[in-house]
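What follows is a set of notes on a single structure, which appears directly below.
The values are calculated or read from the model by the stated rules, or taken from the named source; none is laboratory data. Please read these numbers as outputs of a predicted model, since none were measured by experiment. Please note: Cβ atoms are built from the backbone with ideal geometry, for glycine as well, and neighbour counts cover all protein chains shown.
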Amino acid sequence: MNPAKRSLVFMCLSLAAAVGVATAAVSKTPVAEKVLIKPDIVLGELEITPLSVLGSGDHRVQIKAIVTNPVARSSTGAFTVRASVKTSADLYFRIADESVPGLANTGATAKAPMATVLFYDTVPIGHTKHYRVTADVWGRVTEINEGNNQRDASYRVPSGIPEGGGDETVVRGVDLVVSQVEVTRGTFAGKEKIQIKSAIRNMWHGSTAERIKVLYTGPGVSFAIWIEGGIGGDETKSSGAFYIDCDEHLSLPLDFSVVVDNSNEIPETNDLNNRCDGVHFGAGDTHVVHECPISGPHEPLI
């Protein structure tokens, strides 16, 4: 082989070797895999609201559950929410199942996606029903936390029978209402905050020593506070205050409701007037006093 051909062959072999080395180097470069972020289905609120009183005295109630996915850049996919009621044998009997098509959290805003699921049931007069709501009841969604998918709540319908009986009996009932809600924006503990408090009134002459739950619920507002020591006849008590920080995560206006004894743990003469709706606090407001309309009757059922 003459020198010219030998040189050409050597150049071709060298080029092929170089291409092979480069190809091997490229093939060994790790490929970035897409990281799947697990979602978290959170059953953040469970509320039982009376809708109507039937002719028998039984209450038709609505069971409202709110589920969210607070994990940014994750999606739950479809899942099922189940409402159940506790039986005398301490087992839970299914009332109904409702499907949620999915909660996709893009992370574009601080507000987590949510879904509201409604169920309905009837509670007989003189009875208490214990409810349980479970999100992702079949366990089909792989979550960061599997322990926050369930909540329990109870609802009681008083018997309405006068204490002691007889025509001369003085019936001393309890009827709790939210009479006023006060919202103030100001500086508290050195930070700009919104303070929310309400006044709870007993419209009848009886009293209760049980602590009283006051629930605040609405977009951007989800909080419960308790009045310790009960309440006396014809008495008004403050629920105490809670605060929301005025930071970049707070979205105004606020529109929310306040419910006293939302689970009906305290026997009352009227369980249908425990809710104050339509509380509004605008972006330009600094102090708002919302007077709640109060409905009756307040007398015990005889």
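If you scan the range 76-108, which residues turn out to be among the polar types (S, T, N, Q), within 19 Å of the chain's Cα centre (by Cα) and surrounded by fewer than 19 Cβ atoms within 10 Å (Cβ to Cβ)? Full working, then the answer.
Of all residues in the range 76-108, those among the polar types (S, T, N, Q) come to 76, 80, 84, 87-88, 99, 105-106.
Next, only the ones that are within 19 Å of the chain's Cα centre (by Cα) stay: 76, 80, 84, 99, 105.
Those that are among the polar types (S, T, N, Q), within 19 Å of the chain's Cα centre (by Cα) and surrounded by fewer than 19 Cβ atoms within 10 Å (Cβ to Cβ): Thr80, Ser99.
Under the condition of being among the hydrophobic types (A, V, I, L, M, F, W, C) and in contact with a His (Cβ under 9 Å, 6 or more places away or on another chain), the residues counted in the range 224-257 number 2.
I need the full set of residues from the range 226-247 which are on the phi > 0 side of the Ramachandran plot and of a type outside the set (Gly, Ala, Ser), in order please.
Residues of the range 226-247 on the phi > 0 side of the Ramachandran plot: 229-230, 234, 240.
Across the range 226-247, the qualifying residue is only Asp234.
Answer yes if at least one residue in the range 274-290 is of a type in the set (Ser, Thr, Tyr) and out of contact with any His (no Cβ under 9 Å at 6 or more places or on another chain), and no otherwise. So far as the range 274-290 goes, yes, one or more of its residues are of a type in the set (Ser, Thr, Tyr) and out of contact with any His (no Cβ under 9 Å at 6 or more places or on another chain).
Examine the range 258-280 for a residue that is over 23 Å from Glu47 (Cα atoms), assigned to a loop (DSSP other than H, G, I, E, B) and not assigned by TED's automatic domain parsing to the domain that holds Val53, and state whether such a residue exists. No, the range 258-280 contains no residue that is over 23 Å from Glu47 (Cα atoms), assigned to a loop (DSSP other than H, G, I, E, B) and not assigned by TED's automatic domain parsing to the domain that holds Val53. Scanning the range 62-115 for residues being in a strand (DSSP E or B), within 30 Å of Leu250 (Cβ to Cβ) and not hydroxyl-bearing (Ser, Thr, Tyr) gives a total of 13. Taken together, the residues in the range 174-191 that are under 16 Å from Pro253 (Cα atoms), more than 23 Å from the chain's Cα centre (by Cα) and not basic (Lys, Arg) amount to 2.
Could you list all residues from the range 200-222 that are outside any loop (DSSP other than H, G, I, E, B) and buried (at least 17 other Cβ atoms within 10 Å of the Cβ)? Spell out how you get there, then give the answer.
First, pick out the residues of the range 200-222 that are outside any loop (DSSP other than H, G, I, E, B): 200-202, 208, 212-218, 221-222.
Ile200, Arg201, Asn202, Thr208, Ile212, Lys213, Val214, Leu215, Tyr216, Thr217, Val221, listed by residue number.
Restricting attention to the range 171-199, the residues that are within 16 Å of Ile294 (Cβ to Cβ), out of contact with any Lys or Arg (no Cβ under 8 Å at 6 or more places or on another chain) and assigned to a strand (DSSP E or B) total 2.
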